[in-house]
Structure formats: structure tokens, C-alpha cells
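Okay, structure first, notes after.
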Amino acid sequence: MLVAGWKNVSLIDVLGHPSFTLWTCLCNLKCPFCHNWRIANGDTSICKHVEVEKIIEELEASRILIDYLHVTGGEPLIQFIEISDLFMETGELSIKRSLNSNLTLPKQLKYLVEKNLVDHVATDLKIPPIELFGLSREATLILWRNFLESLKIIKDHDIPLELRVPLHKKLTVAVFSVHLDEVLSNLNTSTTTILLNPLLGEPLTNPRNPDWCRENCGAQEEVLNNIVDLLRSKGFSRIVVKSIPGFQKS
Ligand code: SF4
């Protein structure tokens, strides 16, 4: 597998659970706020080929300290055959498997889900996609449809979902509401945890597009509070707001 590295025990990647976290390389999106963009680009100074067996050895060493193997990136589903092998062997160790994906590759997701290899999914609800995917309008529309299809697969298989909402200054409650209505029928409110995540820019992170982030990263408290109210009115009870240093109040 092409990977950027791993952390044997992480307390921040799966809400409420310690995980062994693995970063896979390559991604099909170009999000302007992405702070793993070198990994997403497959930078050869960071990304190396590592055998699945080597990762399993490391995982076994951390076994008593973790609940999940959490695979993130980049976009892990680009290497779904290798992820399938990794998740299969992880299951044999009785460790649960968490996939952090942009969910724009539904066929690959379905392949893993139908083999019962995924116990937890984390994804971003990138609103508006036309701004946050960093791609052409045409490509974004196709991938947004793919995202909706992936959410349905997760709902149909009753997989717990951590839905992370990147908050930025262009996100109004009206825009959020329109897109939320699009995804709502593909979500199970009782198994979805919403994580509201104000985007951070420099110097706390190293975003792909620092100019975009200087203009847009961060969120206003009033908008955030209104989004929380809207989510509650739609039936979500598990809502977490990620605390950030220097949060901007309206
Ligand atoms: S989907 Fe994730 S890894 Fe890929 S570019 Fe966007 S933020 Fe970065």
C-alpha cells in the first residue's frame, strides 16, 4: 500500500475511541482547506510502499490499547483492494475497522461493505461542494451524486457514521439547509454523530490554498448555533462542536 505513515495510538481520530491510525496516499479531490494535501498528492518524499503484513504487525503490537484501526488519507478507497486485505486481517484480530473517506467512490465502498469489512465510517459533509471539492463544476456534480449514493450504502447497512461538517465563513445557514435536505433521506439520524468542525488555517495548519483559507477558514458563532438548532430540528441528537483556539465570535 502507498502510505504516509501511522500512529500506533491516537485519541483524536475516532470520536470517543482510541485508534491505530493509518494515513494512505492519493486523493481524487482538491479541497482548498486540505492540510494533508502533500499526502493527497502522493508526494514521494512522504509516501512509501508498505506491505499490508507490516501494518498488521504494528497493529498487533497496539492491539490492547485500541478499539479501532482507523484508515484515513488522502482517500483510502483509491487503494480499496489493499484496504480490503488490511480490513480482513484486522477483523481476524478482533479489532474494529473505521474508514475515513470522502465517499465519492461508491462502488469501492460497496465492495468493502458487502464483505462486512467496515464497522464505522467518518466523512466530511463538504458544503457547498462546488467550493470545497476544488474541482470543476462538472466533476463536482458527478462526485456529489456519488457521495449521496455512498451515504445510502452506509445507511442501508446500518453502519455508524461520523459526519464532520467543515465550517467556513462562506457557509450560511440557508446554504447549509439546502444541502442538508439533499442528504437527509440518505442518513440514519440515530446512528449518525455530527461533528461541527471550524476550519483552521495558518499557522495552526498548512492548507493547500493558504489564500483561500485566509479568506474563508473559521466560522461565526451565530451561524454555528443556528446550524446546531437546524440539525436538532431534523432529528439529530448527537452533535459535537470541535473546540478550536481563537474561535471567532460574531
Ligand atoms: S478529500 Fe480529504 S484528503 Fe482529499 S483533498 Fe479533500 S481534505 Fe484532502
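Read the figures in this text as sums done on the coordinates, not as results from a lab. What you see is a predicted model; the values in this text were computed from it and never measured. Backbone-built Cβ (ideal geometry, glycine too); neighbour counts: all protein chains shown.
Key figures for this structure:
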read-out	value
By average C-beta atoms within 10 angstrom, highest first, the peptides 70-76, 237-243	70-76, 237-243
Cα radius of gyration and Dmax for the chain (Å)	17.5, 51
Built amide H within the under 5 Å cut-off of ARG164, gap 5+	THR123, ASP124, LEU125, LEU195
The stretch 1-129 - share of DSSP beta bridges that are antiparallel (%, nearest 5)	40
Cβ-derived FRET efficiency at R0 25 Å, ASN116 paired with LYS152, nearest 0.05	0.90
Helix 221-233 axis, angle to the chain major axis (alpha carbon atoms, nearest 10°)	70
Whole-Hz couplings from phi, Karplus 6.51/-1.76/1.60, listed for the stretch 71-78; x for Gly and Pro	10, 9, x, x, 10, x, 5, 4
For the stretch 210-220, Karplus couplings with θ = phi - 60° (6.51, -1.76, 1.60), whole Hz, Gly/Pro x	x, 5, 4, 5, 4, 7, 10, 6, x, 8, 9
Beta bridges by DSSP in the chain, antiparallel share as percent, to the nearest 5	25
Note, ³J(HN,Hα) from phi for the stretch 135-152, Karplus 6.51, -1.76, 1.60, rounded to Hz, x at Gly and Pro	10, 5, 4, 4, 5, 4, 4, 5, 6, 5, 4, 4, 4, 4, 4, 5, 4, 5
